[in-house]
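See below for the structure under consideration.
Only the coordinates and a few stated rules stand behind these numbers; no lab work does. Not measured: the values here are computed from a predicted model. Virtual Cβ from ideal backbone geometry, glycine too; neighbours counted across all protein chains shown.
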Amino acid sequence: MSLLSPSALSACVREVVDFVDAAGWNQPPQMFALVATVELAEHEPELAHGLSDAPELTPIAQEPLAGGTEGGSPELDEALARMSWPEAVAGCALVQEILILPPDAEAELNDVADDEALELAAAHPERQEARLVAAVLRGGESLCLLQLRPDATDFATDLDAAPELLEHPELAPNLVAALLATLDE
């Protein structure tokens, strides 16, 4: 695989965000194979013309995965545990919708069974719906972004506003590790 610039993963993740934003909210988890655009053009010559001005990495959407909008579902965990990618895939990205609770409310759910915790989280008055995007490359580079779901008044006031994406290096370390494991040989 060719060497990628430091901004290659970030540009690719932004393309993934644009793709999922077009589908709206309440979507199942979606996986993307991240392929070096140069190598994709070499292996798929019929696509080469359309890829001439493309970024260094091209995301290729996979079939949506099982699991709801709660994130961390057993179905999603199982799918990731069974997943592996061929050598031609430089990395992968997962987009899933999650619920965020204030720290004190989250602490209250630690001693509750998973099914009950999900119900309580979904009903919590201070919950925030969000979309988590986690992407990794074979070399270990990773990027996680969090997009808070806008409320109805946000849509009414600014239909063309770009989504606000929050980034933190420790946003989803367990998910990053699970995605990196799908790239192991």
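Are there any pairs, at least 6 apart or on different chains, whose C-beta atoms fall under 7 Å, with the first in the stretch 23-43 and within 12 Å of E63 (Cα to Cα) and the second among the small types (G, A, S) and buried (at least 19 other Cβ atoms within 10 Å of the Cβ), and if so, which?
P28/G67; P29/G67; F32/A93
Do you know which residues across the stretch 103-138 are in a loop (DSSP other than H, G, I, E, B) and loosely packed, with under 14 Cβ neighbours inside 10 Å?
The answer is N110, D111, V112, A113, P125, E126.
Return the pairs, sorted by first residue and then second, in which the second residue is among the polar types (S, T, N, Q) and surrounded by 13 or more Cβ atoms within 10 Å (Cβ to Cβ), the first residue lies in the stretch 106-130 and is in contact (Cβ under 8 Å) with a residue 40 or more places away in the chain, the beta carbons are less than 8 Å apart, and the residues are 6+ apart or on different chains.
Note: pairs meeting the criteria are E129/T69.
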